[in-house]
1. Return the total of residues in segment 89-116 being within 23 Å of the chain's Cα centre (by Cα) and open to solvent by 90 Å² or more (accessible area, probe 1.4 Å).
2. Can you name the residue in segment 1-50 that is of a type in the set (Ser, Thr, Tyr) and touching a residue at least 40 places away in the same chain (Cβ under 8 Å) and, of all such residues, is most open to solvent (accessible area, probe 1.4 Å)?
3. Output the residues belonging to segment 146-160 that are buried (at least 17 other Cβ atoms within 10 Å of the Cβ) and either under 16 Å from residue 28 (Cα atoms) or among the small types (Gly, Ala, Ser) (or both).
4. Which of the following residues is touching a Phe, Trp or Tyr at 6+ places or on another chain (Cβ under 9 Å), aromatic (Phe, Trp, Tyr) and under 26 Å from residue 156 (Cβ atoms): 87, 6?
5. Of (1) surrounded by 17 or more Cβ atoms within 10 Å (Cβ to Cβ); (2) in a helix (DSSP H, G or I); (3) at pLDDT below 90; (4) not polar (S, T, N, Q), residue 163 satisfies all except one. Which?
6. Within segment 9-23, is there a residue that is in a helix (DSSP H, G or I), of a type in the set (S, T, N, Q) and either farther than 24 Å from residue 122 by Cβ or at pLDDT 95 or above (or both)?
7. Need pairs with beta-carbon distance below 9 Å; first residue on the phi > 0 side of the Ramachandran plot and within segment 155-172, second modelled with pLDDT of 85 or more and part of a helix (DSSP H, G or I); sequence gap 6+ or separate chains.
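The values are calculated or read from the model by the stated rules, or taken from the named source; none is laboratory data. Nothing here was measured: the structure is a model prediction, and the numbers come from that model. Please note: Cβ atoms are built from the backbone with ideal geometry, for glycine as well, and neighbour counts cover all protein chains shown. Side chains included, ligands, DNA and RNA excluded: accessible areas come from the protein's heavy atoms. Shrake-Rupley method; radii C 1.70, N 1.55, O 1.52, S 1.80 Å.
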Amino acid sequence: EKKVKYVPPKKDVLEVISNADPETQDYLWVIVLTMGRMSEINNLTWDDINFKNKTVTLYTRKKKGGNKTPRHIPMNEKLLGILERRYVGRNHDINCIFWHRYWSTKKNEWVCGPYIDRKKIMKTLCNKANVPYFRFHALRHFGASSLDQRNTPIASIQKLLGHESRITTEIYLHSINETEKIAMDVLNNEFN
């Protein structure tokens, strides 16, 4: 059975972001502003950022065959500002945009590297913000729905999300758009 996915409203997304520490705020904004998957953002490096062309290249393996497939996301001013600030303050020895220091049980030492999984943080932030729990992936749905509500062509949303199929993109769109409301008004007028 297919269930309707929970898409957090804008006020909940903003509340969660405002309750995060500055590092996590940047991480959440990059997810929201690129509509990237958590794994794509975790693997984002400075080589994937083109400040001159104002694009972010995200790579996914969700395509057929499992090959790494790039997609280029245009940067808006907010995203550009976040990435420029992080670039100036970056650790020159680490190419990852989002990384952490952790104890490696395999190497039996402290290492620095990209995040693998950050699921626990969303539960903590949602509780702190006093909003219904949602995960990182809901931010993709939020972005897609926000664009759809502003009449962005579905082909553009599909390209930004990195979907091969329009049907997959339509699953992400959780708004009843104006044409559906007009259609229902026509039907209503037929019976009045």
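1. Residues that pass the stated criteria total 1.
2. Filtering segment 1-50 for residues of a type in the set (Ser, Thr, Tyr) gives 6, 18, 24, 27, 34, 39, 45.
Cutting the leftovers down to touching a residue at least 40 places away in the same chain (Cβ under 8 Å) gives us 6, 18, 24, 27, 34, 45.
Details: 6: 94, 18: 73, 24: 3, 27: 1, 34: 2, 45: 30 Å².
Restricting to residues being of a type in the set (Ser, Thr, Tyr) and touching a residue at least 40 places away in the same chain (Cβ under 8 Å), the top hit is 6.
3. Of everything in segment 146-160, just one residue is buried (at least 17 other Cβ atoms within 10 Å of the Cβ) and either under 16 Å from residue 28 (Cα atoms) or among the small types (Gly, Ala, Ser) (or both), namely 146.
4. 6
5. Condition (2) is where residue 163 drops out.
6. Yes: one or more hits.
7. Filtered contacts from segment 155-172: 162/40.
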